[in-house]
Amino acid sequence: MLERLTGEVGSKNGNALLRAVWQGDADDLHLLSQARHAFMLAIHGLALSRRGVPCVWFPDYFCESGLSSVRRSGAQVAFYPVTNSLTPDWNACREMAVRQRPDLFVLVHYFGREAEGQNARAFCDEVGALLLEDAAHVMRPRGTIARHGDLICYSPNKFFPVPDGGILVVRGSELSQCVAKTAQGQPRARAPAIHWVAKRLVRSIKRHMLPRKPPRPLPTTTLDAELSGTAPFVQLWMSRFSRWRLERSFRSNEAEQLANALLTGHRHLSSCLAGYGDMQPIGFADHLIPYLTVMQCNDETRAGRYLNELRSAGVEAFTWPELPPEVRADQGRHREALRLRRTLLCCTLGWRGNGTLTEFLATLPQNYTPDVWH
Ligand SMILES: Cc1ncc(COP(=O)(O)O)c(C=O)c1O
């Protein structure tokens, strides 16, 4: 019933609105249930245009659960090393390309920061690969993000109050046609939204009736054991509910408010935490919207301790990501990714686009000063 109702509202004009936000000067846009399905469409589109099994390169600092549709696609996957500053290690990439060139190179804009788009474009042109900008941590294009890719993917479900939502943007008419042809061949079933709506209703009732529990401390020895991510949607396409809800966010000024709330929360949290021990926030240019506040620690043992201290103080702190098994198995080659995994702490104010940020911010002056930590 709800699906049918919101289906009426998700209009052609609404599609135009979402295109205006994410498509920019590109040729096509696909509304998916999750960003990870963009990899699968890109791989199959590429296989159509180039014929043969494509070889895809992902950064080694990447989440295994985000690869679920890639693993099923049958593509060859390789992991290139990133540096301590979360950029591709171009020397290592050039060495790897001598052995096998990529057909598709994935550049990640970690946590909403601008990655080296121009260098990635130069590398891809050099080796004859397509460039996919993974903007899953980016709310909407800004700065140099989405300027250089043949394909760009976004994950609006991370920013907006929607049960599902991924976007794939494609540049170039030939590639667009191949991806569109692949998309047409996929089952038309959409991700279901009704369970999410029901769960959210229960959560919001609970939030108003029960006291908020602080995040649980984690055993410091198991920094690596904490896995993230929810069960993936098998259906490829965005639910009508999410489409309608996204359109509504942009039609009103909700999207703007969400961006401002993220920015305010991030600025406050990073300035509070910067004074704590030897943690430092990773830098963000002023024109960007941070997905998370990320603190860099110098040492793994201290990172474990800080993680628990943050959590007992009520900050949602966690380490990211659940690294792919190939990366975990080669500690020498992927040492930076492994180190980043154990020394970067991702923090939020427990806000997931459900209005609690305002409540949280209201309590900050008393509860979130550096004094809390000492
Ligand atoms: C960098 C990155 N890319 C892609 C994805 C996949 O996004 P989605 O969950 O929308 O499929 C994730 C998931 O968290 C991610 O962190």
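Rule-based calculations on the coordinates, nothing more; no lab input. Predicted model only: the values in this text are computed from it and were never measured. Cβ sites come from the backbone with ideal geometry, for glycine too, and all protein chains shown count toward neighbours.
Observations
- Near TRP320, the amide H atoms lying under 5 Å from its own belong to CYS346; only residues 5 or more places off or on other chains count, and H is placed 1.01 Å from N.
- Derived scalar couplings ³J(HN,Hα) [segment 172-183; Karplus, 6.51 cos²θ - 1.76 cosθ + 1.60; whole Hz; x for Gly, Pro]: x, 5, 5, 5, 4, 5, 5, 5, 4, 5, 4, 4
- Distance from the alpha carbon centroid of segment 238-303 to that of segment 23-64 works out to 26 angstrom.
- Amide H contacts of TYR80 (H built 1.01 Å from N, under 5 Å, at least 5 apart or other chain): PHE58, ASP60
- Ranked list, fewest to most other Cβ atoms within 10 Å of each Cβ, for ILE282, ILE167: ILE282, ILE167
- Relative compactness, segment 2-184, computed as alpha-carbon Rg over 2.2 N^0.38 Å: 1.01
- Sequentially through segment 101-118, phi angles give Karplus couplings (6.51, -1.76, 1.60; θ = phi - 60°) of 7, x, 8, 9, 10, 9, 10, 9, 8, 4, 6, x, 7, 7, 7, 7, x, 5 Hz, Gly and Pro residues having no value and appearing as x.
- Low-density loop cleavage sites - trypsin sites (Lys or Arg not before Pro) in segment 20-120, where at most 14 other Cβ are within 10 Å (DSSP): ARG51
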